[in-house]
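Scroll down for the structure; my scribbles are underneath it.
What follows is calculated from the coordinates using simple rules that are stated; it is not laboratory data. Quick caveat, the model's predicted, so the values are computed rather than measured. Because the Cβ atoms are built from the backbone with ideal geometry, glycine has one as well, and the counts that use them run over all protein chains shown.
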Amino acid sequence: MLKAIQSFTEYQEAYQKSIDTPELFWDEVAATFHWKKKWTNTLLWNFSEPKIEWFGGGTLNITENCLDRHQTTRKDQTAILWEPNDPKDAVRRVSYGELFTMVQQFANVLLSLGVKKGDRVCIYMPMVPEAAVAMLACARVGAIHSVVFAGFSSQSLADRITDAECKVLLTADSMTRGEKKIDLKGIADAAMAASPTIESCVVYQHKGTDILMQEGRDYYWHHLMEKANASHTAVEMESEDPLFILYTSGSTGKPKGVLHTIAGYMVYAAYTFKNVFQYQDGDVFCCTADIGWVTGHSYIVYGPLLNGATTLMFEGIPSWPDAGRFWSVIEKHKVNIFYTAPTAIRSLEVFGTEPFVGKDLSSLKVLGSVGEPINEEAWHWYHENAGKGRCPIVDTWWQTETGGIMISPLANITPLKPAFATLPLPGVQLAIMDEKGTEIHGNGVEGNLCIKFPWPGMSRTIYGDHERFHQTYFSAYANHYFTGDGCKRDEDGYIRITGRVDDVINVSGHRIGTGEVEDAINEHGYVVESAVVGYPHDIKGQGIWAFVICDREHHSYEELCNEAKAHVTKVIGPFARPDRIQVVKALPKTRSGKIMRRILRKIAEGDTSNLGDTSTLIDPTVVDAIKAGADMIR
Ligand code: WTA
């Protein structure tokens, strides 16, 4: 099994080694896993195509590392501890032995539905242990899972199914998040009607709601499981065979299917989990993300299970039944490591310290933060109230594309600085670039964040569009992976992420492309054109501000706002609903027809003292009109 770094000196040595001899460094990490056949070629790469191959010649199955190899030592240990949405409902504890059986059975179910190595399976499920079973069963038979967050609309689900040409859809009857009921099967039916590739749909009966089942296409999970054999030998996979696709938003175009491959992702998810959180045998680890996002993939499912950890899966939300829910969950399950998002912390800050009264949080050893920059105030509040001043906060910077954490303190090892993600993990070679594309060396600098050497967890391509992969990540700076984020490196060499420098916004930790929201708004009959930007929002981090040109003046502003917001909810999902809609007569455009978003961003931010050069606009007077309109709705 993996051993964690024990001290700051060890971290520095490991880091140096990972740079001087990266292959040797990762060989040693990879050797702690079970391989069917050992790799022969640790790394092959170039960032110009790009082409990246780790552990070539090796064969394995990731589920043997998550499950089979723990059977002699951890059969009765809880693998997945499930806390339901409603605290009055029963908790579930799925042991490594039970999880192993469930995954083998479901692997056989997938086979019975005709799923073969390389086929794509879409997972649109609530936060229940069966969702993890579904992912692992796919990996076991060599199918590629594509988990879609169960907050996406039927249209978004259909787009993702179609793009990956998924053959099977796994879903549930319905689910509840807080008090909100979500009709998953209804949404899935609408999506399937629009996506011809789905041959079968398996429905996990979660709430026991009445649903429509289409003969010959839809099957209940429990019916198929009853008949399934409980033994399945994991399929032998190549290191670079795909493990999963996960859709994420970029600055332009439709969401892209980020593809991760088996061996590199496995090694990286496991290594980062163990080292960043300093997980020790017997600890209860709780990550509050949804499995529909990469954080759920790497730190609810794969990272913890690869390390034989107990991973707590929480179905609920932080604010229901009350604002003390997180703290109740920690107390109830004696959580040792708690990993959440700054937006959740900020939303709880509003309720003050009352929700902590009478709750015993003494089990906590480590706190984590992910998804967006954590502001200093939230950092201190989290540190003092949840951690009682004694638990380190690991502020972990990473992305869907990186597969695992890239910049973060190691808990109780790296000296902390509030709001700093601190230092790169071993294997991560950062480069801060200036506008001309030259690396800025030294400390006390600021620029765009790139990575100049491959790490095992990096994405290998965008599913079905390698050219877009190249364009998006490897074309801005030659021979560098460009993250899309800006950062500062302070006098101590510590990294602080300043946020996206492209047209991606981060709303409550959800990554949204402004272009996607514009496309959705533009579909509405009243709308001629729109431009969407992010603006600072106390709780969400960023809010969505849409500037909209309409062609039907006789509709009231209110009506238009409601319509446009409802339409975005329908097309993308509730989390992408604009916060503010401003009807404008014209948008600030250059002579070449490009919208000057910089100006709109500044107006939305309320920072109009210096709008920069507006002389290239066709009509500079539109800016004043927009400024005046913005003040009215702010
Ligand atoms: C942002 C989530 C500051 C960043 C794991 C990145 C962060 C995007 C942090 C990726 C952090 C994530 N500090 N910003 N600790 N973690 N981000 O793909 O802008 O959903 O590019 O992956 O979130 O979002 P994604």
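Potential lengthening of the chain between residue 112 and residue 610 amounts to 172.9 nm, from the contour at 0.36 nm per residue minus the alpha-carbon distance. The listed peptides 490-503, 294-307, 249-262, ordered by packing as a protection proxy, come out as 294-307, 249-262, 490-503 (highest mean of other Cβ atoms within 10 Å first).
Please rank 523, 238, fewest neighbouring Cβ atoms within 10 Å first, as an exposure proxy.
523, 238
Inverting the mean 1/r over all pairs of different Cα atoms, compute the Kirkwood radius of the range 49-133 and quote it in Å. In the range 49-133 this quantity evaluates to 15.4 Å.
For the range 603-611, 3J(HN,Hα) computed residue by residue from phi via the Karplus equation (6.51, -1.76, 1.60; θ = phi - 60°) reads 5, 5, 6, x, 10, 10, 5, 9, 8 Hz, glycine and proline entered as x. Considering only 97, 214, 142, the residue lying farthest towards the positive end of the dipole of the chain is 97, judged by Cα position with unit charges set on Cβ. Remark: the range 148-248 carries a charge dipole of roughly 480 debye about the Cα centre, counting +1 on each Lys and Arg Cβ and -1 on each Asp and Glu Cβ. Centre-to-centre, using Cα atoms only, the range 8-32 and the range 75-119 are separated by 34 Å. Here the range 355-375 is scanned for amide nitrogen atoms under 18 Å from the site 7 Å beyond the Cα of residue 412 along Cα-to-Cβ, giving 361-369.
Most tightly packed first, judged by the mean number of other beta-carbon atoms within 10 Å of their residues, the peptides 572-580, 217-225 read 572-580, 217-225. For the range 376-480, the set of trypsin sites (Lys or Arg not before Pro) satisfying both a DSSP loop assignment and a count of at most 12 other C-beta atoms within 10 Å is given as 388, 390, 436. Here each label is just a point 7 Å from Cα along the line to Cβ, and for residue 23 and residue 7 those points are 3.2 nm apart. When only alpha carbons are used to place a centre, the range 231-249 and the range 422-445 end up 32 Å from one another. Put a plus charge on the Cβ of each Lys and Arg, a minus charge on the Cβ of each Asp and Glu, and nothing anywhere else: the dipole of the range 229-313 about its Cα centre is then about 320 debye. When the trypsin sites (Lys or Arg not before Pro) in the range 80-122 are filtered for DSSP coil states and for at most 15 other beta-carbon atoms within 10 Å of their beta-carbon, the remaining sites are 88, 116, 117.
In terms of overall dimensions, the C-alpha atoms belonging to the range 296-443 reach 54, 34, 26 Å along their principal axes, ordered largest to smallest. Between residue 445 and residue 320, the modelled labels are 4.8 nm apart [label points 7 Å from Cα along Cα→Cβ]. Farthest toward the dipole's positive end in the chain, which of 473, 527, 317, given Cβ charges of +1 (Lys, Arg) and -1 (Asp, Glu) about the Cα centre? Sorting the options by dipole projection puts first 317. Take every Cα pair under 8 Å whose residues are at least 6 apart in sequence, average their separation, divide by the length of the chain, and the relative contact order is 12 percent. Shown in residue order for the range 502-510 are the 3J(HN,Hα) couplings computed by the Karplus curve 6.51 cos²θ - 1.76 cosθ + 1.60 at θ = phi - 60°: 10, 8, 9, 10, 10, 9, 6, x, 8 Hz (x for Gly and Pro).
At 0.36 nm per residue, and after removing the present C-alpha to C-alpha distance, how many nm does the segment from residue 434 to residue 45 gain when stretched out fully?
Stretched fully, the residue 434-residue 45 segment lengthens by 137.6 nm.
With the highest mean first, a sort of the peptides 595-608, 536-549 on other beta-carbon atoms found within 10 angstrom per residue produces 536-549, 595-608.
Among the cysteines of the chain, those with no neighbouring cysteine Cβ under 4.7 Å are 66, 138, 201, 286, 287, 391, 450, 487, 550, 561. For the range 302-333 versus the range 252-268, the spacing of their alpha-carbon centroids is 26 Å. In order along the range 330-343, phi translates into HN-Hα couplings of 4, 5, 4, 9, 6, 5, 9, 10, 10, 10, 9, 10, x, 4 Hz, rounded to whole numbers, per the Karplus curve 6.51 cos²θ - 1.76 cosθ + 1.60 with θ = phi - 60° and x for Gly and Pro. Residues of the range 281-308 with an amide N closer than 11 Å to a point placed 7 Å from the Cα of residue 76 along the Cα-to-Cβ direction: none. According to the Kirkwood relation over distinct C-alpha pairs, the hydrodynamic radius of the range 479-634 is 16.6 Å. Please compare each pair in 185/570; 452/540; 254/570 to a cut-off of 20 Å on the Cα-Cα distance and tell me which ones are over it. Among 185/570; 452/540; 254/570, the Cα-Cα distance tops 20 Å for 452/540. With the alpha-carbon atoms of the chain aligned to their principal axes, the span from lowest to highest coordinate is 73, 62, 56 Å, starting with the largest.
Please state the charge dipole magnitude for the range 572-626, taken about the Cα centre, from unit charges on C-beta atoms (+1 on K and R, -1 on D and E), reported in debye and rounded to the nearest 20.
Result for the range 572-626 is approximately 260 debye, rounded to the nearest 20.
What the pair-distance distribution of the range 165-285 shows, using all Cα-Cα distances binned every 10 Å from zero, is 10, 24, 32, 29, 5 percent.
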